[in-house]
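> Mind looking over this structure? Questions follow.
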Amino acid sequence: MDNNKQQTISPGLYIVSTPIGNMEDMTFRALNILKKSDLILCEDTRRSGKLLFYFKIKNKTAPYHKFNEAKTSGRIIELIKKNKIISIISDAGTPTISDPGLILINKCIDEKLKVYPIPGPSAVTSAVSVSGFSDRYIFCGFLPKKENELNSILKNIYNLDYSIVFFAAASKIDFYIDHFKKYFLDRKIVIAKEMTKIYEEFVREKVDSIDNLPKKLKDEITSVISEKIKKKKVKTELSESVKIEIVKMLKKYSHKDVVDFIAKKENLPKKLIYNHCLKVKK
């Protein structure tokens with residue numbers, strides 16, 4: 001197969017990923033699809049207009065957001081049935097991931113119309129990829145703003161041994177951090193701000209020690225809670241073989257050297273070894 005051969009663009013619905021900040025993250029395939037689209041559905045035509053202007057794309061656009069998607073999906077389905085190429089883009093990232101599009105996709109599936117993913121930027125995978133946490137993760141989307149609803153969600157997931165990804169409005173992040181401390185106290189957290197942009201920053205802390213973030217933060221924030229941190233089991237007793245070794249070593253080495261050596265070798269608490277050394281000395 002010739003990889004340089006341009007893919008045929010068939011009629012259908014194209015789910016097109018767009019940059020989450022840096023325009024250079026736009027893929028060649030996404031640009032090609034948008035340029036060939038009969039209609040581009042935009043979560044916000046003003047924000048998408050800046051993207052399309054930047055890439056000199058002048059195709060027809062129409063608003064498609066959570067307030068009108070149920071109402072307009074039927075009309076879009078009719079256009080696809082007439083062999084039109086329809087693209088949907090969100091304000092940033094991959095459509096339908098906490099953004100509109102699910103209603104339209106399900107209608108296409110019901111009507112047996114083609115739906116094509118055009119992969120690209122996603123705040124979810126971007127944050128997980130640099131978190132340093134497990135790649136087995138759960139994405140929970142935007143957290144609710146009401147305390148009762150938030151507690152209900154966190155109670156259901158706090159015990160899961162996965163990395164957990166959340167979206168949140170920057171203005172509410174301190175509210176969420178307070179609740180993370182209640183449910184994820186023994187885990188780590190990464191808070192991603194301005195990903196792929198000039199002022200990109202990652203706050204990396206233990207959940208129990210993270211401070212409130214500056215009030216001036218804007219837009220949306222992606223936070224990743226680590227999987228459960230496995231605590232090493234601490235031995236509370238010395239085996240007979242270790243006791244024998246301590247007796248032999250105390251004949252040649254100092255108290256401190258024996259404690260340090262045995263603690264490192266056997267992964268034992270120094271205090272436990274120290275107390276046994278005192279008994280031997282007596």
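The values are calculated or read from the model by the stated rules, or taken from the named source; none is laboratory data. None of these values were measured; they are calculated from a predicted model. Here Cβ is always computed from backbone atoms with ideal geometry, including for glycine, and neighbour counts include all displayed protein chains.
> Among the candidates 250, 238, single out the residue that is in contact with a His (Cβ under 9 Å, 6 or more places away or on another chain) and either farther than 29 Å from residue 19 by Cα or in the same structural domain as residue 135 (by TED's automatic domain parsing) (or both).
That would be 238, the only listed residue that is in contact with a His (Cβ under 9 Å, 6 or more places away or on another chain) and either farther than 29 Å from residue 19 by Cα or in the same structural domain as residue 135 (by TED's automatic domain parsing) (or both).
> Scan segment 50-62 for residues that are outside any helix (DSSP H, G or I), closer than 20 Å to residue 24 by Cα and aliphatic (A, V, I, L, M) and jot them down.
57
> I'm checking my understanding of the structure. Among residues of segment 63-100 that are under 24 Å from residue 196 (Cβ atoms) and either part of a strand (DSSP E or B) or of a type in the set (D, E, K, R) (or both), which one is nearest to the chain's Cα centre (by Cα)?
So the residue we want is 93.
> When the residues of segment 166-200 are filtered to those that are farther than 19 Å from residue 154 by Cβ and assigned to a helix (DSSP H, G or I), which remaining residue is farthest from the chain's Cα centre (by Cα)? Step through it out loud before you land on a result.
The first filter runs over segment 166-200 and keeps only residues farther than 19 Å from residue 154 by Cβ, leaving 170-171, 192-200.
Those left that are additionally assigned to a helix (DSSP H, G or I): 170-171.
On the way: 170: 15, 171: 19 Å.
Once the filter is applied, the top-ranked residue is 171.
> So residue 98 ticks every box in (1) outside the structural domain of residue 33 (by TED's automatic domain parsing); (2) touching a Gly at 6+ places or on another chain (Cβ under 6 Å) but one. Which box is left unticked?
(1)
> Can you spot a residue in segment 222-239 that is part of a strand (DSSP E or B), of a type outside the set (Val, Ile, Thr), out of contact with any Ser or Thr (no Cβ under 9 Å at 6 or more places or on another chain) and surrounded by 15 or more Cβ atoms within 10 Å (Cβ to Cβ)?
The answer is yes, given that some residue of segment 222-239 is part of a strand (DSSP E or B), of a type outside the set (Val, Ile, Thr), out of contact with any Ser or Thr (no Cβ under 9 Å at 6 or more places or on another chain) and surrounded by 15 or more Cβ atoms within 10 Å (Cβ to Cβ).
> While we're on this one: Considering only residues that are surrounded by fewer than 16 Cβ atoms within 10 Å (Cβ to Cβ) and under 30 Å from residue 87 (Cβ atoms), look in segment 141-159 and name the one that is nearest to the chain's Cα centre (by Cα).
So the residue we want is 141.
> Then there is this: Quick one: which of 176, 158, 162, 199 is in contact with a Leu (Cβ under 9 Å, 6 or more places away or on another chain) and farther than 25 Å from residue 101 by Cα?
Details: 158 fails: in contact with a Leu (Cβ under 9 Å, 6 or more places away or on another chain); 162 fails: in contact with a Leu (Cβ under 9 Å, 6 or more places away or on another chain); 199 fails: in contact with a Leu (Cβ under 9 Å, 6 or more places away or on another chain).
Unique residue meeting the criteria: 176.
> Pull up segment 101-115, narrow it to residues that are under 24 Å from the mean Cα position of the chain (by Cα) and touching a residue at least 40 places away in the same chain (Cβ under 8 Å), then point me to the one that is farthest from residue 66 (Cα to Cα). Before the answer, list the steps.
Let us first name the residues in segment 101-115 that are under 24 Å from the mean Cα position of the chain (by Cα), namely 101-103, 105.
If we keep only those that are touching a residue at least 40 places away in the same chain (Cβ under 8 Å) as well, we get 101, 105.
Working: 101: 8, 105: 14 Å.
Checking each candidate, the answer is 105.
> Return the residues of segment 147-203 that are closer than 20 Å to residue 132 by Cβ and acidic (Asp, Glu); say none if nothing qualifies.
Of everything in segment 147-203, those that are closer than 20 Å to residue 132 by Cβ and acidic (Asp, Glu) turn out to be 161, 186, 194, 200, 201.
> Condition (residue is assigned by TED's automatic domain parsing to the domain that holds residue 115, over 14 Å from residue 88 (Cα atoms), of a type in the set (Val, Ile, Thr) and crowded, with 16+ Cβ neighbours inside 10 Å) applied to segment 19-34: is it met by at least one residue?
Yes: segment 19-34 contains one or more residues that are assigned by TED's automatic domain parsing to the domain that holds residue 115, over 14 Å from residue 88 (Cα atoms), of a type in the set (Val, Ile, Thr) and crowded, with 16+ Cβ neighbours inside 10 Å.
> Identify all residues within segment 114-142 that are in a loop (DSSP other than H, G, I, E, B) and either on the phi > 0 side of the Ramachandran plot or of a type in the set (Gly, Ala, Ser) (or both); write none if there are none.
Within segment 114-142, 120, 122, 132, 134 meet the criteria.
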